[in-house]
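The next block holds one structure in the form of C-alpha cells; read it before the comments.
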Amino acid sequence: MPDLSDTMFLLLVLISLVFSMNEMKVSLEDEDLSGFSVWTCVAGILSTLPLTL
C-alpha cells in the first residue's frame with residue numbers, strides 16, 4: 001500500500017500535468033509554437049516522474 005508521501009507526490013504530478021496541458025492549449029490558441037514546444041517538453045518530463053517511484 002502506498003504511503004501518504006507517494007500519494008501526495010502523484011497528486012502533485014497529476015495537477016502539474018493538467019496545468020501544463022492547459023498552457024499547451026493556450027499556446028496553440030495564441031499561435032505560439034515555441035511556447036507550445038516548451039510546455040510539451042514539460043509535460044513529457046512530468047509524465048515520466050511517476051516511474052521514479
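The values are calculated or read from the model by the stated rules, or taken from the named source; none is laboratory data. Every value quoted in this text rests on a predicted model; they were computed, and no experiment measured them. All Cβ positions, even for glycine, are placed from backbone atoms using ideal geometry, and neighbour counts span all protein chains on display. What goes into the accessible areas is simple: the full protein's heavy atoms, side chains included, and nothing from ligands, DNA or RNA. Shrake-Rupley method; radii C 1.70, N 1.55, O 1.52, S 1.80 Å.
Quick one: dipole size for the chain, taken about the Cα centre, charges +1 on Lys/Arg Cβ and -1 on Asp/Glu Cβ, in debye to the nearest 20.
Numbers: 1 positive and 7 negative charges, 36 e Å.
In total the dipole reaches around 180 debye.
Give me the percent relative contact order of the chain, please, defined on Cα pairs under 8 angstrom at least 6 residues apart. Walk me through the numbers on the way to the answer.
Numbers: 28 pairs, mean separation 21.8, N = 53.
Contact order relative to length: 41 percent.
Rounded to the nearest whole Å², what accessible area per residue is found for the chain with the 1.4 Å probe? Can you show the working numbers first?
Values: 4080 Å² over 53 residues.
Dividing the accessible area of the chain by its residue count gives 77 Å².
With the full set of protein chains in place, find how many percent of the accessible area of the chain is carbon and sulfur; take the probe as 1.4 Å. Walk me through the intermediate numbers first.
On the way: 2970 of 4080 Å².
Here carbon and sulfur together make up 73 percent of the probe-accessible area.
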